[in-house]
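The values are calculated or read from the model by the stated rules, or taken from the named source; none is laboratory data. This structure is a prediction, so every number in the text was calculated from the model and none was measured. So basically every Cβ, Gly included, is an ideal-geometry build from the backbone, and we count neighbours across all protein chains shown. Side chains are part of the model used for accessible areas, which takes the heavy atoms of the whole protein and leaves out ligands, DNA and RNA. Shrake-Rupley method; radii C 1.70, N 1.55, O 1.52, S 1.80 Å.
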Amino acid sequence: MRAEKILIVGLLLLTAQILITSCSSSSQPQLGKDKVKDVIASFTLEEKIALIVGVGDGKTPPPGVPVFNPYIGGISIDDNGRTLKPDEKMLRFPRNEGYIWSIPRLGVKSTTMHGAGASLTIDPHPDISSSQYYYVTAFPTATSLAATWNNDLVKKVGEALGNETLEYGIDVLLAPGLNIHRNPKCGRNFEYCSEDPLLSGKITSAMVRGIQSMGVGASIKHFAANNQETKRRTYNAIISQRALREIYLRGFEIAVKESNPWAIMTSYNKLNGFYTAESPELLSTVVRQEWGYDGLIITDWSGWGSAVAKIRAGNNLLMPGSQPERNELLLALKNGLLDEKSLDKHLKYILELKLKTPRFRGYTPSLTPDLAAHAAVSREAASEAMVLLKNSNSTLPLSKEVKTLALFSKASYFFAASGTGSGEGKAKHTVSVNEGVKKAGFEVVKYLEDTYSKFNADVLVNSKANDYLKRRVIPQHPEMPMSKATIAQQVSVSDVAIITIGKVSGEGQDNGYEPLSEAEVTLIRDVSEVYHADGKKVVVVLNVGAAIEIASWRDYADAILLAWQTGQEGGHVVADILKGDINPSGKLPTSFPIAYADVPSAKTFPADPANAPENSFYNEGIYVGYRYYNTFGVPTAYEFGYGLSYTTFEYSDLKLSSTSFSNKLSVTVNVKNTGKMAGKEVAQLYLAAPTTSIEKPVHELKGYAKTSLLKPGESESLTFELDRRSLTSFYSGISSWVADEGSYEVRIGASSKDIRLKASFSVSKRIIVEKLNDVLYPNVMLQEELSSAGITRYKNSVGDEITVREADVKANKK
Ligand code: BGC
């Protein structure tokens, strides 16, 4: 029996070797040596479909296709003929992610796609019989990276993440994500950057450039308008052409044009009636024709809809792939609904991507990326991401006299590196605030450490959470109540109280913007009352993925530090900031509303997932985030672009290269550190454009720059460039980006509300900067169209009432 097994395995190995090596001696065209079109011309129909549809969960090769199949037990070579250890094989050919077959006879190698968001999510212990572990680094989430407003730093994170991808033998990383934070409840907001398309596009471009500089691919996602998790595979986002172009597509457009990602992943949702993956207007007209994209377009995992429609619309690769999809394509080809020739253009994109991959180049992954160096990158990025929201009477940095900290709340002993789902950050260990402050030299109150650590340990034991589930079990478990008498006992043995509030949302659920529980608010209130009575300070640390409600309880705290979900090193960085070793320089990439009802999409965002409608009307149009709050005079708890520092900055010498715009304009400004501590400042350029026939937000972000670390008294001159496109709004009626004639005001701010300097320039004649295709319109009239027609109330086709706020716009516009 054993001998038989050995014989079978031996035969399999031999067959695989023959399959792999036969290509070199073959007279057939070989990918990499011969023209891509000649390789495509040599495929059989079955081979074409085998490549266009990923391997799928079953990992069963399509009948009749001579693929190299690493999933057969016993084969332990890769498709370059290199012998792999069993665990390496499992890392490089994971069962649950994306894999494109190889066709050895034509020199076509396999491709592995993975994860991801804040880290790779490979199984750290793929072979349980081995003692070897393969850990990855958890970097800050996309929202936290956007909060750094530091493109160079984000690129560095991309390089580290790309390096882990390369060294673990993966070819394409399924990240980064960049949909707009339309509503703070969206469970996946932590995977996305911002409510602003420019910031989203620039941060994503930096990340993609970093990842791809390592010779692996990035796949930006989820294209497009993927702004809710409720009914995630079916909901229909109904968006005006203007809001689409200006808000929801703009970040992707920037990322495509500025970083050329190897792949774009379409989303699960529908957009104006079509699944995004089935929308020829979105994929073929906008992405290919208008943006000139020549990379690979892939579907999100097991998205619903029709394989044929996706292929016809311009999705090149169906992932992770399934036999029913192959069958559907074969049937359509047989019945003449699809022409075999039309498959060739998809294969071209697939093969061109394969040619760039490390697997194709024969790269031997080390399986030992420099995790210590990457941890340092993760920590550096976190140190620029955290945002100081409140700092009464210079509570922070803590004075040198502060020796002992009282760490209240379960989250002080468990820091969530990220949200949950496929975009989560996995690491061997995540540093808690408790560990961080101890490492930084503070004493902690032992009683609290023991009590909360035991509480967390019990929560885990009782829930039987494994390592994976722990990430959500502790944050989602109710806070441990603590009596005022117990709190009072801690005052005399500590100098300052720290309370960490942790909230975790994630893929599959719109559980963001969760209000603090009664137990959490009670804890903050009681600790504050007791500590304040003794003249001691209270600091609240927020370990959250996106915007939460703060206004109702913030008065209790002396200082609030928004630590986000900044990866595995979070606790160290909180300690650095408390101590003053790091001066916070993060600023909000998203508005923090006072109450949920203030959010412009609150009325249309699904409130009750069980009864959510299929259609999501984006009635707020372009008025998302600060564009809404600032234009309509709605106060926020903390506005877009806001963030405190331990020092102060003075802005001066605003200069425009010209006061009349022709093609380009450069803007310079001087930023000086006028305080007592070294620090970095993010200066933001907002542009107020003239209003002629269509409404515009009071101003919009058109540029940003972060200074280097300025010593007290030191200055830096920052430069911003405005091109024709940055002056425009999208006019749906003529499908064009138009810069209206009139006076434009450049506003340089420390936030979207804290405008420090202003200067004007004019455009003498209306410029039609770009004329595009009249595509992607909704089949109901939405706000922008109604507004210009002077209609104020309207019922759309499914009976939802839309109120047009034109009068409000006029009244509130400054
Ligand atoms: C997610 C994607 C992810 C893919 C593979 C899907 O469920 O929506 O973001 O890349 O799974 O993990």
Notebook entry, point to check: Looking at residue 143, is it of a type in the set (Val, Ile, Thr), within 16 Å of the ligand (Cβ to nearest atom), touching a helix residue (DSSP H, G or I) at 6+ places or on another chain (Cβ under 6 Å) and not in a loop (DSSP other than H, G, I, E, B)?
Noted result: yes
Notebook entry, point to check: Can you name the residue in the range 84-101 that is within 25 Å of the chain's Cα centre (by Cα) and among the charged types (D, E, K, R) and, of all such residues, is nearest to the ligand (Cβ to nearest atom)?
Noted result: 97
Item checked: Filter result (more than 15 Å from residue 358 (Cβ to Cβ) and either within 16 Å of the ligand (Cβ to nearest atom) or open to solvent by 10 Å² or more (accessible area, probe 1.4 Å) (or both)) within the range 160-174 -> 174
Margin query: Please return the ranges of helices (runs of 4 or more DSSP H) entirely within the range 427-483 where 2 or more residues are farther than 22 Å from residue 404 by Cα.
Written below: 446-463, 467-476
Notebook entry, point to check: Quick one: residue 293 ticks every box in (1) open to solvent by less than 20 Å² (accessible area, probe 1.4 Å); (2) more than 22 Å from residue 623 (Cα to Cα); (3) within 16 Å of the ligand (Cβ to nearest atom) bar one, so which box is it?
Noted result: (3)
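Go through the range 524-628 and tell me which strands (runs of 3 or more DSSP E), entirely inside it, have 1 or more residues that are open to solvent by 10 Å² or more (accessible area, probe 1.4 Å) and touching a residue at least 40 places away in the same chain (Cβ under 8 Å).
It comes to 537-543, 615-617.
Quick one: which of 438, 400, 446, 426 is of a type outside the set (Val, Ile, Thr), open to solvent by 20 Å² or more (accessible area, probe 1.4 Å) and within 16 Å of the ligand (Cβ to nearest atom)? Even if it seems obvious, please write down each step before you answer.
Values: 438 fails: within 16 Å of the ligand (Cβ to nearest atom); 400 fails: within 16 Å of the ligand (Cβ to nearest atom); 446 fails: within 16 Å of the ligand (Cβ to nearest atom).
Result of the check over 438, 400, 446, 426: 426.
On the basis of being open to solvent by less than 10 Å² (accessible area, probe 1.4 Å), at pLDDT 95 or above, of a type in the set (A, V, I, L, M, F, W, C) and under 30 Å from residue 311 (Cβ atoms), does residue 388 make the cut?
It is false that residue 388 is open to solvent by less than 10 Å² (accessible area, probe 1.4 Å), at pLDDT 95 or above, of a type in the set (A, V, I, L, M, F, W, C) and under 30 Å from residue 311 (Cβ atoms).
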Item checked: Tabulated pairs, the range 56-73, first among the hydroxyl-bearing types (Ser, Thr, Tyr), second assigned to a loop (DSSP other than H, G, I, E, B) and open to solvent by 60 Å² or more (accessible area, probe 1.4 Å), C-beta under 9 angstrom, 6+ apart or interchain -> 71/60; 71/95
Note to self: Taking the criterion of being assigned to a loop (DSSP other than H, G, I, E, B), of a type in the set (Val, Ile, Thr) and in contact (Cβ under 8 Å) with a residue 40 or more places away in the chain, would at least one residue in the range 340-359 satisfy it?
What the structure shows: yes
Item checked: Any pair with Cβ under 8 angstrom, 6 or more apart, that starts in the range 412-441 at a residue that is over 29 Å from residue 301 (Cβ atoms) and of a type outside the set (Lys, Arg) and ends at one that is open to solvent by less than 20 Å² (accessible area, probe 1.4 Å) and within 16 Å of the ligand (Cβ to nearest atom) -> none
Next item on the list: Quickly run through the range 102-128 and pick out the residues that are farther than 25 Å from residue 572 by Cβ, away from the ligand (no atom under 16 Å from the Cβ) and either free of Cβ contacts under 8 Å to residues at least 24 places away in the same chain or not polar (S, T, N, Q) (or both).
Entry: 103, 104, 105, 106, 107, 108, 109, 125, 126, 127, 128
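Got at least one residue in the range 526-534 being among the β-branched types (Val, Ile, Thr) and closer than 30 Å to residue 753 by Cα? Show your work before the answer.
Filtering the range 526-534 down to residues among the β-branched types (Val, Ile, Thr) leaves 527, 530.
Remaining after also requiring closer than 30 Å to residue 753 by Cα: none.
No, because not a single residue in the range 526-534 is among the β-branched types (Val, Ile, Thr) and closer than 30 Å to residue 753 by Cα.
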Next item on the list: Tally the residues that are under 23 Å from residue 88 (Cβ atoms), part of a helix (DSSP H, G or I) and not aliphatic (A, V, I, L, M), restricting the search to the range 366-390.
Entry: 1
Next item on the list: For the range 208-230, indicate whether the set of residues that are open to solvent by 10 Å² or more (accessible area, probe 1.4 Å), under 17 Å from the mean Cα position of the chain (by Cα) and away from the ligand (no atom under 16 Å from the Cβ) is non-empty.
Entry: yes
